[in-house]
Amino acid sequence: MGKIVFAGAMSHVLDPDYYQRVCGDVGRQNTEEAMAAIAKMGERFSATKADALIVVADDHLNAFSFNCVPAMCVRIGRQVQRMSQDHAEAFDAVLEHMPTTYPLHEALGNAILEQGMAAGFDLALSWEAPVDHAFLAPVNTMHGTRPIPPLVPIWVNCFVAPQPSARRCFALGQHIARVVAKSPWNVGIIATGGLSHFPELSVPRIGETDTVFDQKLIHWMERGEHEPLQELTADELHKSGGHEFLNWMVLLGAVTPARADVRYFGELRRINLAAVEWRLA
Amino acid sequence: MSRYAVNSLLYQLKKDPAFRSRFIKDPAAAIADLDLTDAERAAFVARDMRKINELGGYLHLVISIPSLAAH
């Protein structure tokens, strides 16, 4: 009987140089504090000796071109490549020092996909899509020099309207929990991105966050109140810059009704950085 | 406004270094055959990423195209 043995969510642009450039000294300081909290979360995850790590994140229009944008997609196969980008700008540059290849947990990925089809979750699949900073910055920050266990990357379309609903993402997490429970594996799950930034995906609004909105989300997660989170609308997420919270909704469905502990929350004018861990039974 | 035309062009500019080089050298010629509105074409020729974003170009593309990114 398998079990979810670790659950955490965190911001995914984890690059002190980037935030130094765009926010000054406080940007570097906040990012380093967030990364330290995420590294400690990684130590606790590694201590579980989990068989696999599910990573729920979004594509920044890197892996999927405009010939297909899947609402939800499971990366299957035996290994996954880091995205490559010539003359990388902004958050793409954070990838450059990271390993290029990562093992996948093929059996768990296939089980989530195949049992999803049987249960009404028509998930997309990919054998080739590479992973960008949304997956690899948290995974590498958590592990440092320790070995990274086999991954199961899952993409949620957070940006290209129409996105899946918060409630549907939560339901995907519940599906994942059922698959893990029927499996022989102990599994960790992380969700990445956020908190609020880039409201309305508008260049003139770069630099705005919505701290009131973020604190509302945190309040509900700390209390294990997941129904109001499922009622979040696409419009609310778009206006607040909470697009990537859809990834967190998948994790919430997988661990509900567990309560969250905030390991880090720091306001920046560009983004509110956060790291959160759930108390699992 | 054609969300597909604008964003597929942005994607090509990010991922295809040879096309990006042609665009930087002569943007009007590089996009001459593409199905863009006059406003979209003018924004690309001016390399005005803010305007391209206003016309439907996705934020994560307009801030991450090498040599052309809006900041």
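Coordinate-derived values only; no laboratory data. A quick note: this is a predicted structure, and the numbers were derived from the prediction, not measured. Cβ atoms come from the backbone with ideal geometry, glycine included; neighbour counts cover every protein chain shown.
Observations on the model:
- Taking the centroid of alpha carbons for each part, the range A:1-67 and the range A:99-139 are 17 Å apart.
- Anchor A:LYS182: lysines whose Cα lies under 22 Å away (excluding residues fewer than 8 positions away in-chain): A:LYS3, A:LYS49
- Neighbour counts of other Cβ atoms within 10 Å put A:GLU128, A:GLU277, B:GLU54 in the fewest-to-most order A:GLU128, B:GLU54, A:GLU277.
- Cα radius of gyration and Dmax for the range A:1-124 (Å): 17.1, 51
- Antiparallel bridges, percent of DSSP beta bridges restricted to chain A (to nearest 5): 40 percent
- Rounded if a/c under 1.5, otherwise prolate or oblate - the range A:73-208, Cα gyration tensor axes: oblate
- For the range A:188-242, convex hull volume per residue from C-alpha positions, Å³: 89 Å³
- The Cα atoms of the range A:1-63 give a gyration tensor whose axes a ≥ b ≥ c have a/c of 1.5 or more with a/b no greater than b/c, which makes the shape oblate.
- Protection-proxy order for peptides A:228-234, A:270-276, A:108-114, each taking the mean of Cβ atoms within 10 Å per residue, highest first: A:270-276, A:108-114, A:228-234
- For peptide A:60-73, the mean count of partner chain Cβ atoms within 10 Å of a residue's Cβ comes to 3.
- 10 Å Cβ neighbours from other chains, averaged over peptide A:204-217: 1
- Solution diffusion estimate, µm²/s, Stokes-Einstein, the range A:197-281, Kirkwood Rh from C-alpha pairs, 10 °C, viscosity 1.306 mPa s: 120 µm²/s
- Global size of chain B as Cα Rg and Dmax, reported in angstrom: 10.5, 28
- Close amide-amide hydrogen proximity is noted between A:GLY242 and A:HIS197, each under 5 Å apart and 5 or more residues distant or on a separate chain (H modeled in the peptide plane; Pro and chain starts excluded).
- For B:LYS14, a cut-off of 19 angstrom between C-alpha atoms picks up these lysines, skipping any fewer than 8 places away in its own chain: B:LYS25, B:LYS51.
- Reachable aspartates and glutamates from B:LYS15, criterion Cα separation under 17 angstrom, eight or more residues apart if same chain: A:ASP59, A:ASP86, A:GLU89, A:ASP92, A:GLU96, A:GLU128, A:ASP132
- Put simply, the amide H of A:VAL152, placed in the peptide plane, has neighbours under 5 Å in A:LEU53, A:ILE54, A:VAL55, A:HIS105, leaving out anything fewer than 5 places away on its chain.
- Distance from the alpha carbon centroid of the range A:140-215 to that of the range B:8-54 works out to 32 angstrom.
- In sequence order, calculated HN-Hα J values of the range A:184-194 (Karplus, 6.51, -1.76, 1.60; Hz; x Gly/Pro): x, 10, 8, 9, x, 9, 10, 10, 10, x, x
- Label zone of A:ASP17 (point 7 Å out along Cα→Cβ, amide N under 12 Å): in the range A:48-90 this covers A:88-90.
- Table column - 3J(HN,Hα) (Hz), the range A:231-246, Karplus curve with 6.51, -1.76, 1.60, x for Gly and Pro: 8, 4, 9, 4, 5, 4, 5, 5, 5, 8, x, x, 3, 6, 5, 4
- Spin-label zone in the range A:67-95 - amide nitrogen under 14 Å from a point set 7 Å from the Cα of A:TRP127 along the C-beta vector: A:75-80
- Take each residue of peptide B:10-16, count the partner chain Cβ atoms within 10 Å of its Cβ, and average: the result is 4.
- Spacing of the two label points (7 Å from each Cα toward its C-beta) at A:LYS239 and A:ARG178, in nm: 3.5 nm
- Amide proton proximity set for A:GLY224, modelled H, under 5 Å, gap of 5+: A:ALA260
- Solution diffusion estimate, µm²/s, Stokes-Einstein, chain A, Kirkwood Rh from C-alpha pairs, 10 °C, viscosity 1.306 mPa s: 86 µm²/s
- Residue-wise HN-Hα couplings along the range A:68-85, as the Karplus relation 6.51 cos²θ - 1.76 cosθ + 1.60 with θ = phi - 60° gives them from phi, are 6, 10, x, 5, 9, 9, 9, 8, 10, x, 9, 7, 10, 9, 5, 4, 10, 8 Hz; Gly and Pro carry x.
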